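Everything on this sheet refers to the single structure shown next.
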Amino acid sequence: MDEHLFASFCVLIDDLPAGMMIQTAETQRHIIEDDLRKQRILLTEDIRSILAFCNFLEAIVHGSSTILHEMSTEHLAFYGKVVRRLVEAGELHVGNSACKFSINNQAGIVNFTRAP
């Protein structure tokens, strides 16, 4: 079932207006967690990746500095694109000098930092 989960997640998120992305990611996280709890799906690398990204977004929304790492290049590229869209749309607030967003494809890291 999950062999196409990442591709489906990408289409779902990519087709949304930026204002709906965070809530939709949160909803998808809850659905996946419920499916895992009820053993309807197995915890694969794609599912780990999606859950990590959803947790990454949640951490940013709640004001934390966070790093998303150990992702495939494909996943990292997509997540970086989503975060850029969210920042550009004002859905993730990085406008002050105390915030920094960066992507390092070579290291496989998406980093979002807030100064204390």
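Can you tell me which residues in the stretch 68-101 are at pLDDT below 75 and surrounded by 13 or more Cβ atoms within 10 Å (Cβ to Cβ)? Outline the logic, then answer.
Taking the stretch 68-101 and keeping what is at pLDDT below 75, we get 68-70, 93-101.
Listed by number, the residues that qualify are L68, H69, E70, H93, V94, C99, F101.
Which condition number does A52 fail, the rest of (1) at pLDDT 95 or above; (2) surrounded by 15 or more Cβ atoms within 10 Å (Cβ to Cβ) being met?
Every condition holds for A52 apart from (1).
Report whether or not E26 is modelled with pLDDT of 90 or more, in a helix (DSSP H, G or I) and either of a type in the set (D, E, K, R) or under 11 Å from the mean Cα position of the chain (by Cα) (or both).
Yes; evaluated as a whole, the condition is true for this residue.
Would you check which residues across the stretch 32-70 are within 15 Å of the chain's Cα centre (by Cα), among the aliphatic types (A, V, I, L, M) and farther than 22 Å from L92 by Cβ and list them?
If the condition is that a residue be within 15 Å of the chain's Cα centre (by Cα), among the aliphatic types (A, V, I, L, M) and farther than 22 Å from L92 by Cβ, then I47 is the only one that fits.
Which residues, counting only those in the stretch 30-46, are part of a loop (DSSP other than H, G, I, E, B), of a type outside the set (V, I, T) and at negative phi? Can you show your working first?
Taking the stretch 30-46 as the starting set, the residues that turn out to be part of a loop (DSSP other than H, G, I, E, B) are 38-44.
Those still in the list that are of a type outside the set (V, I, T) too: 38-40, 42-43.
If the condition is that a residue be part of a loop (DSSP other than H, G, I, E, B), of a type outside the set (V, I, T) and at negative phi, then K38, R40, L42, L43 are the ones that fit.
May I ask you to say which residue of I67, I50, I41 is in contact (Cβ under 8 Å) with a residue 40 or more places away in the chain and in contact with a strand residue (DSSP E or B) (Cβ under 8 Å, 6 or more places away or on another chain)?
Values: I50 fails: in contact with a strand residue (DSSP E or B) (Cβ under 8 Å, 6 or more places away or on another chain); I41 fails: in contact with a strand residue (DSSP E or B) (Cβ under 8 Å, 6 or more places away or on another chain).
One residue alone meets the criteria, I67.
Within the stretch 57-66, how many residues turn out to be surrounded by fewer than 21 Cβ atoms within 10 Å (Cβ to Cβ) and either part of a helix (DSSP H, G or I) or β-branched (V, I, T) (or both)?
4
State which residue pairs qualify: first residue basic (K, R) and assigned to a helix (DSSP H, G or I) and inside the stretch 82-98, second residue surrounded by 13 or more Cβ atoms within 10 Å (Cβ to Cβ) and at pLDDT 80 or above in any location, beta carbons under 6 Å apart, and separation of 6 or more residues or different chains.
So the pair list comes out as R85/A18.
So which residues in the stretch 16-38 are in contact (Cβ under 8 Å) with a residue 60 or more places away in the chain and surrounded by 15 or more Cβ atoms within 10 Å (Cβ to Cβ), if there are any at all?
A18, M21, I22
The values are calculated or read from the model by the stated rules, or taken from the named source; none is laboratory data. Treat the numbers as computed from the prediction; the structure is a model and nothing was measured. A quick note on method: Cβ atoms are made from the backbone with ideal geometry, for glycine too, and the neighbour counts reach across all protein chains shown.
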